[in-house]
1. To the nearest Å, what is the center-to-center distance of the stretch 15-37 and the stretch 147-226, using C-alpha atoms only?
2. In the structure shown, do any of LYS80/LYS274; LYS40/LYS80; LYS46/LYS203; LYS89/LYS237; LYS89/LYS282 have a Cα-Cα gap over 29 Å, and if so which?
3. Percent antiparallel among DSSP beta bridges with both residues in the stretch 131-283, to the nearest 5?
4. Could you tell me what percent of the accessible area of the chain is made up of carbon and sulfur, with a 1.4 Å probe and every protein chain present?
5. Quick one: which of 245-254, 115-124 comes out on top by average Cβ neighbours within 10 Å, and what's the full order, highest first?
6. Where does the Debye-calculated log10 I(q)/I(0) of the stretch 67-161 sit at q = 0.15, 0.19, 0.24 Å⁻¹, using only Cα point scatterers of equal weight, no solvent?
7. Of all DSSP beta bridges in the chain, what percent run antiparallel (nearest 5)?
8. Please give the length that would be gained between MET1 and VAL217 if that part of the chain were fully extended, namely 0.36 nm times their separation in residues minus their C-alpha to C-alpha distance (nm, one decimal).
Amino acid sequence: MIEVPTCLILGAGASAHLGFPLGLALKDLMIHELRSETFKETSLEKLGIPPDVIASTDHVTFCRQLGFGGWSSPDAFLEKHPEHSRLGKHLISSLLRGYEQENHLMTEQRGWYSTMLKAITADSPEAFRQNRLSVITFNYDRSVDCLIHRFVQYRYGLDAADAWSLASDVIPIVHLHGTLGPYPGVPYGTREGSTESSADAIKIIYEVHDNRPEFEVARQILEVSERIIAVGFAFAKQNVQRLGFFHGDAISRRTVRLINGYLGSPGVDSEFLKWIDQWGFKREHLIDGDANMAFLRQNPFQQ
C-alpha cells in the first residue's frame, strides 16, 4: 500500500506507452482526416462527428492553418483559433478514443502502470482504503481511471458499481483539462457512435480557468502530499502557474521525482534543467528515461 500521501501528476507522456499519440503525432492524424476529399461525406459514419459540427467551420482552412502554421500540438493551435474549436474537439475525441483499449490494460503492455498497481495492492477492500494516493492529470484519456477501477473490481470480486465507488473514494483522479467523456458513464474504449459526449467533456487551454473547481481540488491535494511524482509532464508555464503550488519551499519540504522522457541527450538535459530550475527543481529530482524505463530503474513509490 501507499502509506505516504502521494500525488501523481500526469502529462501527455504518461500514457504514451499505450500508444496514445503526443502533440505532433495527433496533429498529423487530424491533418490526415481533414485533407480527405470525402471528409464532409464520411465523417459521421467514419468518425462519429455530427453533420452540424462539420458545417460549423471551414475544414479546408482549418487543415491548412493547422498544417502550415508550425503548431506544436492541436491544443496550441485551437487556443489561437477558437473558431475551429468545436470541430477540433470532436476530431480530437474521435481519434483519441480509438486508442482507449481495455485489452492493453490487462497485460504488461500497461508498462509503468504495473508498478503503480503493485504499490496500491492490499489484501482486502478494507485494507485498500488505507492507500494515500491521488492523481492529477492533464490528459483527456481515462486509462488510469479504467485501470484502477478494473483492478479493484477483479482483485476484490466486486461488481462494477461498487468497485468504482471504492476506487474513486480512495484514489481521487482530477482531470484538469477534461476527458473523453465522464468515466464510467461513458465507457472506456467507446469507439463507435457520436462524439457528442466525449467532445463536450474536453477543455481546450483557453477554456480552462484558474478558478475551475478542479484546480482548487488539485491545489488541496498538492498541499497535503508529502511525495510528488510527475510523469510525462513538461511543466508548461501556464499549467504550473494555474496549479499555484510549485516554488522552492514547497519542493524542499517534499520528496519529488520527475519522469519526463526527455533525458539522455546532454543538450536536452541542460535545457530542461534550466527550465525547471525556475520552480526549484534540481537534477537530483529527475529519473532518467521514459516512464516505463524510469519505474523499472528506480521505483519512486518506494522512495
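1. 23
2. Over 29 Å Cα-Cα: LYS89/LYS282.
3. Numbers: 1 of 9 bridges.
Among the beta bridges of the stretch 131-283, antiparallel pairing accounts for roughly 10 percent.
4. Values: 6980 of 13820 Å².
About 51 percent, which is the carbon plus sulfur part of the accessible surface.
5. Numbers: 245-254: 13.8, 115-124: 15.6.
Most protected by this proxy first, the peptides run 115-124, 245-254.
6. Result of the Debye calculation: -0.75, -0.97, -1.30.
7. Values: 1 of 20 bridges.
So the antiparallel bridges in the chain amount to around 5 percent.
8. 75.5 nm
The values are calculated or read from the model by the stated rules, or taken from the named source; none is laboratory data. Not measured: the values here are computed from a predicted model. No Cβ is skipped: glycine too gets one built from the backbone with ideal geometry, and neighbour counts run over all protein chains shown. These accessible areas exclude ligands, DNA and RNA; they are computed on the full protein's heavy atoms, side chains included. Shrake-Rupley method; radii C 1.70, N 1.55, O 1.52, S 1.80 Å.
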